[in-house]
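The values are calculated or read from the model by the stated rules, or taken from the named source; none is laboratory data. None of these values were measured; they are calculated from a predicted model. Please note: Cβ atoms are built from the backbone with ideal geometry, for glycine as well, and neighbour counts cover all protein chains shown.
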Amino acid sequence: LAELEALYRERYPVFLRVARATVRDDGAAADAVHDAFVQAVRNRRSFRGDGTLEAWVWRMVVNAARKRLASADGRGVFPEAPNDLATDCCKEEEGGDEVRAAVAALPERQRLALFLRYYADLDYAAIAAALGVAEGTVGATLNAAHAALRESLKEAERCRS
Amino acid sequence: MQELKDALDRMEPEQGARGDWDAVVRDAGVFRRGALVRPLAGVGLAAAVVFALVLFQPWAGESPTVLERALAAVDDGPVLHVVLRDEAEGAVIDLATGDRTRLYREREIWFDQARGLREVTRFGGVVQRDIFYPPDRLPDDLFKTYSGLASGYREALKNGDARVLGQGEIYGVPVHWIQTERYVVFDPDGTRHVWQRVVAVSAETFEPIYVDEKADGEFGPQTGARIRSVEWLPADKGDFRVHGANRPFGGFEIRNGRKAPDELAALLGRTPLWLGETFQGIPLEASGSAGSSAAPEVSMFYGSRFSHGRERGAPDLRRFVVLKQTPDLAVFPEYVAEFFRPGFVVVLERQGFVQKNGLYVVIAARTEELILAAARALEPMPD
């Protein structure tokens with residue numbers, strides 16, 4: 001319990017940031033992190049130690065955020081991105097909005113992998129554990145996300161110019 | 001790559017939120033020091049301090065939670081050996097003074113999913129039944145109940161399903177109430193009900209001392225059982241051999257009509273006992289023989305037998321008395337024979353056992369009061 005408490009106190013802003021990026025709602029993000037830690041506390045005896053405790057908790061946070069997003073059902077902030085987003089360059093996008101739109105266009109797994117990599121600074125093994133995929137899949141997923149994002153951002157830049 | 005990181009940072013800036021760990025712990029059903037001490041404030045500072053010291057032993061480092069302590073008090077073996085005292089109880093009542101001594105029914109169980117279940121039922125310390133069920137013939141309700149106690153309680157504590165519901169007191173012992181199972185069920189009309197299995201653990205030893213069920217937050221009538229002792233034994237331990245023969249006792253054979261007193265006396269070899277033509281306004285409806293010539297019995301029925309909505313309107317099931325009498329104690333199983341004590345009536349589950357004028361009489365009635373009144377009213381039947 002003490003380890004979970006330390007993890008919570010030390011890394012709460014990071015958990016919240018990933019949850020916020022996922023559900024795009026402050027309250028829902030806080031609820032998701034809360035739910036995940038409640039679950040972690042209740043199930044702490046089932047943690048077998050075959051990965052890090054943090055990776056184990058990340059999986060719960062990711063799942064809780066996914067669940068929150070699914071339950072938002074229409075109120076979610078990641079609406080289905082249009083298929084032709086990359087060519088829809090005449091929209092006015094400001095600040096992070098064009099990034100947001102580009103991220104929104106990514107498949108869910110690529111999106112979550114990005115958040116876990118850049119916001120949580122997790123290595124591939126921890127991301128794999130959190131997403132429940134093979135470690136080798138993480139690299140491919142991130143590469144695909146990078147490529148798609150670069151393309152989207154380049155397109156946005158081209159439109160602006 | 002840095003460009004991408006910067007873009008993501010702009011999209012979701014880092015924030016300095018801190019969260020609420022206490023809320024996490026509370027919602028996880030784990031009592032912590034602060035949460036428990038607060039309710040104790042009104043009890044009195046000294047008592048609270050003593051209680052807190054016993055409960056948390058701050059000198060021992062980090063305080064384990066209630067659930068952790070409860071788990072620590074449970075052994076790991078697969079064989080459950082438990083003695084339960086049921087809420088249902090009986091009494092030995094002095095017919096002259098009315099003084100009551102409580103008698104309890106206890107069940108001693110050995111349960112092993114691999115070997116089966118043996119259940120010994122005792123009333124007032126006297127064995128009533130000794131039954132063994134092989135694993136493939138276990139009644140479903142027994143299997144659920146005892147597999148739950150054998151492993152469900154322990155597993156619920158281990159896997160986080162268990163929840164601390166609060167504190168209380170039972171049989172004068174301070175306890176923590178722990179929920180180990182919870183189901184939501186619906187009536188056909190959609191009404192929602194919550195069913196819970198709860199275990200009380202001693203606040204001092206954290207061992208389970210009581211099990212019960214709750215429906216919609218309320219304890220059921222006579223659903224609880226006090227745990228007199230419980231242990232979880234290694235796989236090869238336990239006593240699964242039935243020691244005593246079972247002679248089921250129960251049921252009263254009532255025939256229509258009434259035999260004359262001299263016929264009944266001839267059957268018994270002595271004057272039968274009765275309650276008069278009416279007892280507390282209840283008429284004698286039938287009297288006759290039951291049993292064999294080798295083991296003669298006389299039964300009498302006070303009440304309205306044929307009143308099921310026809311001759312006499314709705315039956316009043318609270319108002320009946322059945323007497324069964326015999327001069328031969330061998331008619332009864334050994335455990336019942338133990339209940340006949342001159343000058344006393346032993347009441348157990350709507351039956352009273354009386355010894356009078358060389359006859360052994362079993363009285364069946366709805367309430368203990370009616371049984372006691374009938375036991376006192378027994379008198380020789382006039383010719």
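Hey, does segment A:127-142 have a residue that's within 14 Å of another protein chain (Cβ to nearest Cβ), small (Gly, Ala, Ser) and surrounded by 15 or more Cβ atoms within 10 Å (Cβ to Cβ)?
no
Please determine, by comparing only the residues of segment B:7-24 that are more than 7 Å from chain A (Cβ to nearest Cβ) and closer than 13 Å to A:Arg20 by Cα, which one is surrounded by the most Cβ atoms within 10 Å (Cβ to Cβ).
So, considering only residues that are more than 7 Å from chain A (Cβ to nearest Cβ) and closer than 13 Å to A:Arg20 by Cα, the one surrounded by the most Cβ atoms within 10 Å (Cβ to Cβ) is B:Asp9.
Any residue in segment A:105-123 that is at pLDDT 80 or above and more than 25 Å from A:Phe15 (Cβ to Cβ)? Working first, answer last.
Here is the first cut: in segment A:105-123, the ones at pLDDT 80 or above are A:106-123.
Filter once more, so that each one left must be more than 25 Å from A:Phe15 (Cβ to Cβ): none.
No, that holds for no residue.
Go over the candidates B:Arg241, B:Arg247, B:Arg226, B:Arg255 one by one and state the one that is out of contact with any Pro (no Cβ under 7 Å at 6 or more places or on another chain), at pLDDT below 85 and either of a type in the set (Lys, Arg) or surrounded by 12 or more Cβ atoms within 10 Å (Cβ to Cβ) (or both). Steps first, please.
Working: B:Arg241 fails: at pLDDT below 85; B:Arg247 fails: out of contact with any Pro (no Cβ under 7 Å at 6 or more places or on another chain); B:Arg226 fails: at pLDDT below 85.
Result of the check over B:Arg241, B:Arg247, B:Arg226, B:Arg255: B:Arg255.
Among the residues of segment B:165-190, write down those that are β-branched (Val, Ile, Thr) and in contact with a Ser or Thr (Cβ under 8 Å, 6 or more places away or on another chain). Reasoning before the result, please.
First, pick out the residues of segment B:165-190 that are β-branched (Val, Ile, Thr): B:170, B:173, B:175, B:178, B:180, B:184-185.
Of everything in segment B:165-190, those that are β-branched (Val, Ile, Thr) and in contact with a Ser or Thr (Cβ under 8 Å, 6 or more places away or on another chain) turn out to be B:Val173, B:Val175.
Filter segment A:18-58 down to residues that are touching a residue at least 12 places away in the same chain (Cβ under 8 Å) and not β-branched (Val, Ile, Thr), then give me how many there are. First the steps, then the outcome.
Kept after step one, since they are touching a residue at least 12 places away in the same chain (Cβ under 8 Å), are these residues of segment A:18-58: A:18-19, A:21-25, A:28-33, A:35-37, A:39-41, A:44, A:51-58.
Now narrow it down to the ones that are not β-branched (Val, Ile, Thr): A:19, A:21, A:24-25, A:28-32, A:35-37, A:39-40, A:44, A:51, A:53-56, A:58.
Going through segment A:18-58 one residue at a time, the tally reaches 21.
Report the residue count in segment A:99-122 for those that are in a helix (DSSP H, G or I) and not charged (D, E, K, R). Talk me through it step by step, then tell me what you get.
As a first pass, look at segment A:99-122 and keep what is in a helix (DSSP H, G or I): A:99-104, A:108-118.
Okay, now just the ones that are also not charged (D, E, K, R), so A:99, A:101-104, A:110, A:112-116, A:118.
Residues that pass the stated criteria total 12.
When segment A:28-61 is examined, which residues are found to be modelled with pLDDT under 80 and part of a helix (DSSP H, G or I)? First the steps, then the outcome.
Within segment A:28-61, the subset modelled with pLDDT under 80 is A:42-51.
Selection gives A:Arg42, A:Arg44, A:Arg45, A:Ser46.
Select, from A:Ala6, A:Ala64, the only residue that is more than 8 Å from chain B (Cβ to nearest Cβ), at pLDDT 70 or above, out of contact with any Phe, Trp or Tyr (no Cβ under 6 Å at 6 or more places or on another chain) and buried (at least 20 other Cβ atoms within 10 Å of the Cβ).
Working: A:Ala6 fails: buried (at least 20 other Cβ atoms within 10 Å of the Cβ).
The match here is A:Ala64.
Taking into account only those residues within segment A:9-50 that are among the polar types (S, T, N, Q) and within 7 Å of chain B (Cβ to nearest Cβ), which is farthest from A:Ala104 (Cα to Cα)?
Applying the filter and picking the extreme gives A:Ser46.
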